[in-house]
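The values are calculated or read from the model by the stated rules, or taken from the named source; none is laboratory data. These numbers come from a predicted model, not from an experiment. FYI the Cβ positions are ideal-geometry reconstructions off the backbone, even for glycines, and counts take in every protein chain you see. Heavy atoms of the whole protein, side chains included, go into the accessibility calculation; ligands, DNA and RNA do not. Shrake-Rupley method; radii C 1.70, N 1.55, O 1.52, S 1.80 Å.
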Amino acid sequence: MNELLIIADSRLIAERNRWLDALGQERRLAAHTLNAYERDTRQFLTFLTGHLGGPATIEDIHALRPADFRAFLAARRKDGAGARSLGRNLAGLRSLLRYLEKKGLVNAAGAAAVRSPKQPKSLPKPLSDKQAITVVSDEAQLHEEPWIAARDAAVLTLLYGCGLRISEALDLKPQDFPPGATSLRITGKGNKTRLVPLLPIVIEAIDQYRKLCPYHLEADGALFRGARGGKLQPGIIQHGMQKLRGAFGLPDTATPHALRHSFATHLLAGGGDLRTIQELLGHASLSTTQVYTGVDSSRLLEVYDRAHPRA
């Protein structure tokens, strides 16, 4: 915040802080998304300091033209930012400007007129069926402590068996698994709730971990614990997956998130319906599911022809 006192006037800083608060409290954006928007707008204000020759004001923002935003994106590209980062930069700026426009402070047309950079179609590669089954097994975990091996196996089994994001798995509580449960209620991005089936292998992995875990697991506390008893952090699972890649000769694309990708891809390959997979993944739109699972156009048309009543 001290840096912002130099690159923007106090009125602009105050409005920007109100915007960030509104994103977190009203729209309930995820913490990492808020951090990204804060960073993106800070980078933009830093750029404007040099571009305009002094700390930016709301009046300066109001007077910005499309060429100014293009100059910012060009500067970011020169610093090595890729298309995805540039697209997020622009999305954050547009959100801030829309907020200021609603308050009658600026005109957001300049940013709206700038085209977002074309995004590369890069997808994480799924593991094969055998690879996925191997890495989620208790025996594959490279830990001397049996309970830690069981913990990691349970987390990875949730990613592959339920298609969870790693943050969703690590936010689970013991009370999310009542006796006889056959489904799991997950709150994902945008505070959207979905139900996913609980396979017997997932329940077995959770039960094995809970049986061996040396810590008392309160019903409303974190289910997965670190070695010292605190909530398990994503980096521990990511580091463990890195060890598994070396041990089993897996590609660098074999990450915890690739198990979620494998979940969707293997369901699709087995004849799963795109709309159902969309619901299981918690995607807001079917197009997101199509891109995420790497569905080719012929497969999409096949599903359409089979499912659409007018096909």
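Values computed for the structure shown
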quantity: Degrees separating the helix 297-307 axis from the principal Cα axis of the chain, which is the longest one; calculated: 70
quantity: Taking the chain and dividing mean pair separation by its residue count, relative contact order in percent (alpha carbons under 8 Å, at least six apart); calculated: 16
quantity: Counted charge near Ala205, where neighbours are those whose Cβ lies closer than 13 Å (Asp, Glu -1; Lys, Arg +1); calculated: -2
quantity: Average accessible surface area per residue within the range 190-287, 1.4 Å rolling probe, Å²; calculated: 52
quantity: Inter-label distance, nm, simple model (7 Å from Cα along the C-beta direction), Arg84/Arg210; calculated: 3.5
quantity: Length released on extending from Gln25 to Ala113, taking residue separation times 0.36 nm less the Cα-Cα span; calculated: 28.8 nm
quantity: Nearby lysines by direct alpha-carbon distance to Lys118 (threshold 18 angstrom, same-chain neighbours under 8 apart not counted); calculated: Lys78
quantity: Tilt relative to the chain, helix 256-269 - C-alpha long axis, 0 to 90 degrees, to 10; calculated: 70
quantity: Point-charge dipole on Cβ atoms (K/R +1, D/E -1) for the range 1-101, about Cα centre, debye to 20; calculated: 480
quantity: Label point distance in nm, Leu52-Ile133, each placed 7 Å from Cα along Cα→Cβ; calculated: 6.1
quantity: Among Ile201, Cys213, Ser167 the positive-end extreme of the charge dipole of the range 112-213 (Cβ point charges); calculated: Ser167
quantity: Nearest 10 degrees, 0 to 90: helix 10-25 Cα axis against the chain principal axis; calculated: 30
quantity: Listed peptides 232-245, 82-95 by packing density, highest first (mean Cβ within 10 Å); calculated: 82-95, 232-245
quantity: Signed unit charges on C-beta, dipole axis of the chain, positive-most listed residue Leu12, Ile237, Leu156; calculated: Leu12
quantity: Dmax and Rg, reported as Rg then Dmax, of the range 1-158 (C-alpha, Å); calculated: 21.4, 63
quantity: Size of charge dipole - the chain - debye, nearest 20, with Cβ of Lys, Arg +1 and Asp, Glu -1, no other charges; calculated: 900
quantity: The range 1-72 - accessible surface per residue (Å², probe 1.4 Å); calculated: 54
quantity: Compactness relative to 2.2 N^0.38 Å, alpha carbon Rg of the range 94-219; calculated: 1.53
quantity: Sulfur and carbon atoms: percent of accessible area, the range 77-211 [1.4 Å]; calculated: 52
quantity: The chain - mean residue ellipticity at 222 nm from DSSP helices (-39,500 (n - 2.57) per run, n ≥ 4, rounded to 500); calculated: -18000 deg cm²/dmol
quantity: For the chain: rounded, prolate or oblate by the Cα gyration tensor [a/c cutoff 1.5]; calculated: prolate
quantity: C-alpha center-to-center spacing [the range 171-197, the range 214-269] in angstrom; calculated: 17
